[in-house]
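This report concerns only the one structure given below.
The values are calculated or read from the model by the stated rules, or taken from the named source; none is laboratory data. Computed from a predicted structure; not experimentally measured. Every residue, glycine as well, gets a Cβ built from its backbone with ideal geometry; the counts of neighbours run over all protein chains shown. Surface areas here come from the heavy atoms of the whole protein model, side chains and all, with no ligands, DNA or RNA. Shrake-Rupley method; radii C 1.70, N 1.55, O 1.52, S 1.80 Å.
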Amino acid sequence: LRSYLRDESSRLRRLRRFYEKVQTLHQDPEASVDNPLLAFSLIKRLHSDWHNVIHNDEASSNSQALHAGLGELEQELPGAEDLDGAAWALMRLQDVYALSVQGLAKGVFQRAGHPPLYSPSRRVSLSADDCFHVGKVAYDTGDFYHSIAWLEEAVRLFRLSYGSWNLEDRSSLEDALDHLAFSYFMAGNISHALSLSREFLHYDPSNQRVSRNVAKYKKLLEMGEGASASPLQRPNSTRLQSRDAYEELCQRPREQVGLDWQGCHGPPPLLCLPHALLASPPPQPAPERLLHLGCSYETNSSPYLLLQPAKKEMVWIQPYVALYHDFITDAEAETIKGLAGPWLQRSVVASGEKQQKAEYRISKSAWLKDTADPVVHALDKRIAAITGLDLRPPYAEYLQVVNYGLGGHYEPHFDHATSMKSPLYRMKSGNRIATVMIYLSAVEAGGSTAFIYANFSVPVVKNAALFWWNLRRNGDGDGDTLHAGCPVLAGDKWVANKWIHEHGQEFRRPCSADPQD
């Protein structure tokens, strides 16, 4: 675009010089066709110079160069699916964090009556055309709950700027009014649909389709239909029963999660209130359980940890969840991200006996063998040391590296299989007994790991590893491990998952004397 502007500016400068020369000659009182040289210049100019200027293909060449430049990059640019996905991401953030559309359009990430969840250093606002596109994505799927909110904001912004035109806009006030009116009609609010349609006709009175809609809405109102519309219900596309609990956990402010490893003081055993306890006021653990929550240096009877013990923060008792601080270095995290980057693909979930993409898991992932790099091999040894479990094939899966981009999330799910038909059993090594999730990056807001039934959440702690048992000692799945990855509100979230299976762990985590345990 810069080259195109430079070339076009040069062309227009030459065109202006020609214009100024002609204008000067016409305005010169001493210029007379009695002068044969002037007469010749005039005849030549009228015969050929003007034709050369008018039919010059330089403008076309410049335009073609711009098109060619775009063509070279087009395969690398976002497609329609990416744009629609970004729109759904904004709607997801709107829902999960209870953000107002008008606030989002102004660049404010705030719930009514609460401090901002995120305060960017540079505020970016959305245009009327931006809001229209988000609303149109919802409109095209019949989601009028979201289309109304975003199209209302588009209409408001278009009204403020009516009469001005932006080169990049693909929509107008009339488009927004048209789609918003039909959204209200489909939502049952016919009187408002009529009002918006009349406003549309004020700008485009010859539109026959909208005129017919106005007549139709009048007739329906005369018949007593649509006089009082019931409030729109937000769609629950994934039929998530625990949606309210999940979103409440995601909305808890990070300010309540203040302690890191530096907050634990004194000689071992170190005492501090864990992240999750600070993040989750109701319900609090019983006083006797608080005694088991704290920070400690752990060797786990492993020679590997003797010189550098693991920094363990006990997060929760039931389910058993522990956070290991400074589990990896910055350099190791960057190496793992670099190894996974070229292989990232849209994450899939288990569906019956197959695996498929799903809207309730938005991320990209790649799998790394321990032979991919010495860093991955060292990480496997470190995980084996802190967990005391056997990670040799086929007792553990390859390291899964996941990148959660714009609004990336994973709605409530279990890591362990809940059906014998699950693809997880293809490894012939039983169910997933434990999860180790390593945070490879920090985020500015959002992205917490929320344990739904246990009612606590753990924020992203860069370079830390979160560990929990998925199965009870008797081999049954632990229902309290239902967890979710909250949408990333701001930042780039990277995690590495290591799933360990139950076979090979019989003597490392034996059954207890209690069959219910």
Quiz item: For the chain, what is the accessible area per residue in Å², given a 1.4 Å probe and the full set of protein chains?
Solution: 55 Å²
Self-check item: Label of the coordinate-derived value, percent of Cα pairs over 45 Å apart, listed as [x] 36; [y] 24; [z] 17
Solution: [x]
Quiz item: Can you give the FRET efficiency for Arg426 and Arg392, using 1/(1 + (r/R0)^6), R0 = 22 Å, r = Cβ-Cβ distance, to the nearest 0.05?
Solution: 0.75
Quiz item: Short version: ³J(HN,Hα) in whole Hz for each residue of region 311-319, in order, from phi by Karplus 6.51 cos²θ - 1.76 cosθ + 1.60 (θ = phi - 60°), x for Gly and Pro, what are they?
Solution: 8, 9, 10, 6, 8, 8, 8, 10, x
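Could you sort the peptides 118-131, 394-407 by per-residue average Cβ neighbour count (10 Å cutoff), highest mean leading?
My ranking of the peptides, most packed first, is 394-407, 118-131.
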Quiz item: For Lys369 and Asp34 in one chain, what is 0.36 nm times their gap in residues minus the Cα-Cα distance, to one decimal in nm?
Solution: 111.5 nm
Practice problem: Starting from the amide H of Gly107, placed 1.01 Å from N in the peptide plane, find each other amide H under 5 Å away whose residue is 5 or more places distant or on another chain. | Solution: Leu126
Exercise. Please list 370-382, 164-176 highest first by mean number of surrounding beta-carbon atoms within 10 Å per residue.
Key: 370-382, 164-176
Quiz item: Could you give the distance between the Cα centres of region 122-190 and region 306-350, to the whole Å?
Solution: 42 Å
Exercise. Just check region 316-456 against the gyration tensor rule for me: Cα atoms, a ≥ b ≥ c as the square roots of the eigenvalues, rounded for a/c under 1.5, and otherwise prolate or oblate depending on whether a/b exceeds b/c.
Key: rounded
Quiz item: Assuming R0 = 60 Å, what is the FRET efficiency of Ile43 and Tyr203, from their Cβ-Cβ distance, to the nearest 0.05?
Solution: 0.75
Quiz item: Hey, if you put +1 on the Cβ of every Lys and Arg and -1 on every Asp and Glu Cβ in the chain, which of Val124, Trp494, Gln75 ends up farthest toward the positive end of that dipole?
Solution: Trp494
Quiz item: Each residue of region 502-517 in turn: what ³J(HN,Hα) in whole Hz from Karplus with 6.51, -1.76, 1.60 and θ = phi - 60°, glycine and Pro shown as x?
Solution: 6, 5, x, 10, 4, 9, 8, 9, x, 5, 9, 6, 8, x, 7, 7
Quiz item: Residue separation times 0.36 nm, minus the C-alpha to C-alpha distance between Ala112 and Met186: what's the value?
Solution: 23.8 nm
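Residue separation times 0.36 nm, minus the C-alpha to C-alpha distance between Ala68 and Lys218: what's the value?
48.8 nm
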Quiz item: How would you order 435-445, 325-335, 417-427 from highest to lowest mean count of nearby Cβ atoms within 10 Å?
Solution: 435-445, 325-335, 417-427
Quiz item: Label-point separation (nm) for Val53 and Gln23, each offset 7 Å from Cα along Cα-to-Cβ?
Solution: 1.1 nm
Practice problem: Place a +1 charge on the Cβ of each Lys and Arg in region 291-501 and a -1 charge on the Cβ of each Asp and Glu, then give the dipole magnitude about the Cα centre in debye, rounded to the nearest 20. | Solution: 540 debye
Exercise. Treating the angle as unsigned and between 0 and 90°, give the value, to the nearest 10°, between the Cα long axis of helix 144-160 and the longest Cα principal axis of the chain.
Key: 40 degrees
Practice problem: Specify the inter-centroid distance of region 51-108 and region 386-419, based on alpha-carbon positions, in whole Å. | Solution: 35 Å
Quiz item: Given a cut-off of under 8 Å on Cα pairs at least six residues apart, what relative contact order in percent is computed for the chain?
Solution: 11 percent
Quiz item: Which FRET efficiency value, to the nearest 0.05, is calculated for Arg11 and Trp165 with the Förster distance at 35 angstrom and r the Cβ-Cβ distance?
Solution: 0.90
Quiz item: Quick one: which of Lys312/Lys369; Lys428/Lys462; Lys106/Lys218; Lys136/Lys498; Lys311/Lys493; Lys311/Lys364 span more than 32 angstrom between C-alpha atoms?
Solution: Lys428/Lys462; Lys106/Lys218; Lys136/Lys498
Self-check item: Nearest-20 debye value, the chain charge dipole, Cβ charges on Lys, Arg, Asp, Glu
Solution: 260 debye
Quiz item: Hey, what do the phi angles of region 322-329 turn into as Karplus ³J(HN,Hα) couplings, whole Hz, using 6.51/-1.76/1.60 and θ = phi - 60°, x for Gly and Pro?
Solution: 10, 10, 9, 6, 6, 6, 10, 8
